[in-house]
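**Student:** So that we are looking at the same thing, I have put the structure below in structure tokens.
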Amino acid sequence: MTFQHRFAFPLVRGLHARPAAALRERAHLFRADCLLFNEKTGRSSDLRDLLSLIATNTGYGDPCRLAVQGQDAGSALEALSTFLEGAFLESDEEPAAPSSGGIGTVIPQLLQKASVLWWTGQGLSPGAGEGLAVLASGLALPAEEPRLRHTPADLEIKTFAAALAQVEGELLTESTHAEHPTLRAILEAHRGMLQDRAWRGSVAQGIQEQSLTARSAILEAGRAWAKTLEASDQALLRERAADVRGLSARLVRALGGPGPEAPLQTPEEPYVLVARDLPLNQFPRLDRTHLKGMVLTECGPTSHIAILARTFGIPLVAGIHGLPPALAPGARLLVDGAQGIVIEAATPEVGRYFSVESEGQKIHQERLKRHATQPAATRDGHPVAILANLSLAEEASGAFALGAEGVGLFRTEMLFLERAVPPSEDEQFELYRAVLQAAGDRPITLRLLDSGGDKPLPYLRLPLESNPFLGQRAVRWYAQHSDIIRTQIRAALRASAQGGHLRMMVPMVSEASELAWVRQLLEEEARQLQVPAPPLGAMIEVPAAALSLGALAQHADFFCVGSNDLVQYLFAADRNLPAVARPEFAWHPVTLRLLDGIVRAARAAQRPVSICGEMAARPELLPLLVGLGFDALSVAPSAILDLKHAVGTLEASACEDLAMQALACARAQDVEALFRPSSARQPTRPVVEAELLELDVPCLTKEEAIKRLAERAFLSGRTRAPRVLEEAIWSRERVFATGVGYGFAVPHCQTNAMECATLAMLRLVEPVAWGASDEPPVRTVLLLALPGEDVGEAHLRLFARLARRLMDESFREHLENTPDPQTLLETLRSEVLTIW
Ligand code: PEP
Ligand code: MG
């Protein structure tokens, strides 16, 4: 007898993976056959087949029927219908989002009133980029022709069964070890999908009826199922297509053979990648020519994907929860990686607004390049070498063109990822030789293979670990796979025998014996090749190493602080998790004290010490790192120009004082207060200069005009934080619009973001509305910006005086029509003398 229960589907987000898994779990408590019929879509599925359940494409309110038949059908139906009306409703709840998104984000005024959708997160790689959204669900399986088997069907079925068992076993181990309940639920849902009888049946059918190999049958079935799911009108169900592809890829990998994970299918036009996370090995295979930005939910500031994004100048925003499901496929996205903002379908006004900033950055970089060839030194002549962090050999010449004085960290892992066997000695030799040759006599610090953590190498066949960052990472597995490290060392020694200045360093060192082991290996190989052994250094990234530099110095010729890991291990905060990896850990007094101890111990042992983690690239931390006494900073190539310039503005003795003050602080906020530029930093600069005047500028909005003025102030070196200046201007404009009539406006502010008093002017081609409805639109904008806290209202007095002067018609006429910038400059200079 069949028992039936009719109901309208109750979950707003449809029958997606989690509720389907919950239904499946219930059904497993009974022997009866439990079927779900969706009468709207005409699809049905056994409750025990997760994927088929999802593929019923059931949405909110769909008329559904539960049909239960068999031994314990009566009690099964009763339990299932009670469940559907009760606990089932909770299976749709959204997991809580971490609270860290949006740290320090300044939302541009334009966005606050524009009718576009936007989200904020954490900006992890600066720059603005625009393109079509490519969702991770666009992951494709390898495009290859199905292959016919030459083996009996039974054998292929057995192969498939073995792959299934292996992947199921891996998923079970992963979910048992997963700490986060959401992750555990996802892994369990994946395991459930893998057990789907209909999916398994389609693979078996491919093998038996279409005579396919197990690999081809898996790929074909995966493609077909993914296509069905993609056709769903429910966003959450469409996303499951990516899971099917991922699982199919995993099964194929379990079979052995090439191409386990397929590259993303990306358009032949600018695109923005949107994903929960991006496995590191996917990055090298992305089409980077058209990649204009990335939006990743799970990505910390020092994660390797963030590092690569900065290396390649790809704007990256992290920590936006709910974005992928909210997006329509093919949406146009604009990513602002500096502020952590993502905008959908930006209007021309919004697009222009962001391009003002990109243009400003370009001009700024071009200017800095002119001095790039000089070695970096403080104003009082204290040298601080600025070196490059490289991930790929091809980056070397670009880094030197930007003024890198050497390579402080060559992350060699990228060469080892994404392949079935390690690169050969000859292949490595060619790459290392290319970098050494590009460097000339500049030093190249080659870091020995740092795999493990978030960079697993499948061919090392290390056991699955629940905490990979605390497991067999880097030097910890070297002895077990000495052939791999020996080959790398030999390749590097042979390359350096052909010229160049090679150094090698060992990652993840925690005690002296590890270093002694590598040194012995290095010396053996050098003897065999009859070449001198290059200097060998230790990375200081584990607190135990940081506290035992004296002992390490017996085997190390130099030290290099890997602050990304050092901070991670010091605060026990996973560098990939924005929820715990807080940016301020980098300047927390505890970190600074540890760094101070490292530099002092290195000095005592007469060993040079550099720092190569991401904190070395933050301009606001530069005075501290110089003050602490680091000999060199190694940073992403994109940060070199700014940093070299910034070193030249510092006074070594003042940096030492600052470091002393920071070391005495109790909290990160107290250290942060020391970063603020002092109001009297550039007391001698004139208030107005030629580059502060811009004439005949096309502008669409008031917001764009204000942004241009802030960019002018930035380009002339009067502020390092144009967005903060902009916001300070807007905090006045929001109270009252500063239009003074006759087509003139005088925005004004006083802010710590300014380094000196400034008068700037913009004359527009077409006037723009400024706010007050009874005033004519504005064509001439004069900005008054003063440094310091906005307490004394000095800028208000200046504003009043300038506004009064603008009552004079001939003065206005002069400002509006004088074609010659020099004459204008002289007028404004004499004006400053009277109103200031
Ligand atoms: C570090 O840990 O700071 C470092 C530079 O190494 P990686 O980021 O590659 O782990
Ligand atoms: Mg490291």
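The values are calculated or read from the model by the stated rules, or taken from the named source; none is laboratory data. Please read these numbers as outputs of a predicted model, since none were measured by experiment. Quick reminder, even Gly has a Cβ in these numbers, built from the backbone with ideal geometry, and neighbours come from all protein chains shown. Calculation scope for accessible area: heavy atoms of the full protein, side chains included, ligands and nucleic acids excluded. Shrake-Rupley method; radii C 1.70, N 1.55, O 1.52, S 1.80 Å.
**Student:** First select every other residue whose beta carbon is under 14 angstrom from the beta carbon of Q472; then total the charges, Lys and Arg +1, Asp and Glu -1.
**Tutor:** 0
**Student:** If you put +1 on each Lys and Arg Cβ and -1 on each Asp and Glu Cβ, how big is the dipole of the chain around its Cα centre, in Debye rounded to 20? Spell out each step's value before the answer.
**Tutor:** On the way: 82 positive and 101 negative charges, 146 e Å.
With only Lys, Arg, Asp and Glu charged at Cβ, the dipole is about 700 debye.
**Student:** FRET efficiency for T823 and L796, Cβ-Cβ distance as r, R0 = 35 Å, nearest 0.05? Could the numbers behind the result be given before it?
**Tutor:** Working: r = 29 Å, r/R0 = 0.83.
The value I calculate is 0.75.
**Student:** Amide H neighbours of L124 under 5 Å, counting only residues 5+ apart in sequence or on other chains, H built in-plane at 1.01 Å?
**Tutor:** L316, V317, A318
**Student:** Run the numbers for Y60 and T347: contour at 0.36 nm per residue of separation, minus the present Cα-Cα distance, in nm.
**Tutor:** Roughly 100.0 nm would be gained on extension.
**Student:** Follow-up. Taking the square root of 5 times each eigenvalue of the Cα gyration tensor, what semi-axes in Å does the equivalent ellipsoid of the range 352-493 have, largest first?
**Tutor:** They are 35, 20, 15 Å, listed from largest to smallest.
**Student:** Taking 0.36 nm per residue of separation and subtracting the Cα-Cα distance, what length does fully extending A153 through Q4 add?
**Tutor:** Full extension from A153 to Q4 adds 49.7 nm.
**Student:** Right, another one. Relative to the Cα centre, what is the charge dipole magnitude of the range 690-835, using +1 at the beta carbon of each Lys and Arg, -1 at the beta carbon of each Asp and Glu, and rounding to the nearest 20 debye?
**Tutor:** 280 debye
**Student:** Here is a follow-up. Can you pull out the GluC sites (Glu not before Pro) in the range 376-410 whose DSSP state is coil and whose Cβ has at most 14 other Cβ atoms within 10 Å?
**Tutor:** Listed in order of number, the matching sites are E394.
**Student:** Order S248, S482 by their accessible area, 1.4 angstrom probe, all chains in place, largest first.
**Tutor:** S482, S248
**Student:** I need the Kirkwood Rh of the range 743-808: take the reciprocal of the average 1/r across all distinct C-alpha pairs and report it in angstrom. Walk me through the intermediate numbers first.
**Tutor:** Details: mean 1/r = 0.0785 Å⁻¹.
With all distinct Cα pairs of the range 743-808 included, I get 12.7 Å.
**Student:** Regarding the range 530-633, what's the average projected area of the Cα-atom convex hull, expressed in nm²?
**Tutor:** 7.3 nm²
**Student:** Per residue, how much accessible area does the chain have with a 1.4 Å probe, in Å²?
**Tutor:** Each residue of the chain exposes 41 Å² on average to a 1.4 Å probe.
**Student:** If I compute solvent accessible area with a 1.4 Å probe over the protein chains, what percent of it on the chain is carbon and sulfur?
**Tutor:** 53 percent
**Student:** For the chain, what does -39500 (n - 2.57) per DSSP helix run (n ≥ 4), summed and divided by total residues, give at 222 nm, in deg cm²/dmol to the nearest 500?
**Tutor:** -13000 deg cm²/dmol
**Student:** Once the other residues with Cβ under 12 Å from the Cβ of H290 are scored (Lys, Arg +1; Asp, Glu -1), what is the net sum? Intermediate results must be reported in sequence, preceding the final value.
**Tutor:** Values: positive: R288, K292; negative: E130, E268, E269, D287.
Computed value for this residue: -2.
**Student:** Separate question: Please report, to one decimal in angstroms, the Kirkwood hydrodynamic radius of the chain built from all distinct Cα-Cα pairs.
**Tutor:** Computed over the chain, the radius equals 30.2 Å.
**Student:** Calculate the spin-label point distance for E651 paired with E813, positioning each point 7 Å from the Cα along the beta-carbon direction, and give it in nanometres.
**Tutor:** With each label point 7 Å from Cα toward Cβ, the separation is 5.0 nm.
**Student:** Then there's this: Tell me which of V567, F37, A586 sits at the most positive position along the dipole axis of the chain, charges placed on C-beta atoms (Lys, Arg +1; Asp, Glu -1).
**Tutor:** Result: V567.
**Student:** Assuming a ≥ b ≥ c are the square roots of the Cα gyration tensor eigenvalues, decide whether the range 378-638 counts as rounded (a/c under 1.5), prolate (otherwise, with a/b larger than b/c) or oblate.
**Tutor:** Rounded is the answer for the range 378-638, as its axis ratio a/c remains below 1.5.
**Student:** Hey, what D do you get for the range 475-576 in µm²/s if you plug the Kirkwood alpha-carbon radius into Stokes-Einstein at 20 °C and 1.002 mPa s?
**Tutor:** Details: Rh = 14.3 Å.
Diffusion coefficient, whole number: 150 µm²/s.
**Student:** Using 26 Å as the Cα-Cα cut-off, could you pick out the over-long pairs in K369/K707; K362/K702; K362/K455?
**Tutor:** K362/K455
**Student:** With every protein chain in place, what's the accessible area of M660 (1.4 Å probe, Å², nearest 10)?
**Tutor:** 120 Å²
**Student:** Hey, another quick one. When Lys and Arg each count +1 and Asp and Glu each count -1, what net charge do the other residues less than 14 Å away from L700, Cβ to Cβ, add up to?
**Tutor:** Residues close to L700 contribute a combined charge of +2.
**Student:** Which Cα, out of T827, A636, L273, lies furthest along the positive dipole direction of the chain (beta carbon charges, K/R +1, D/E -1)?
**Tutor:** The residue sitting most towards the positive pole is A636.
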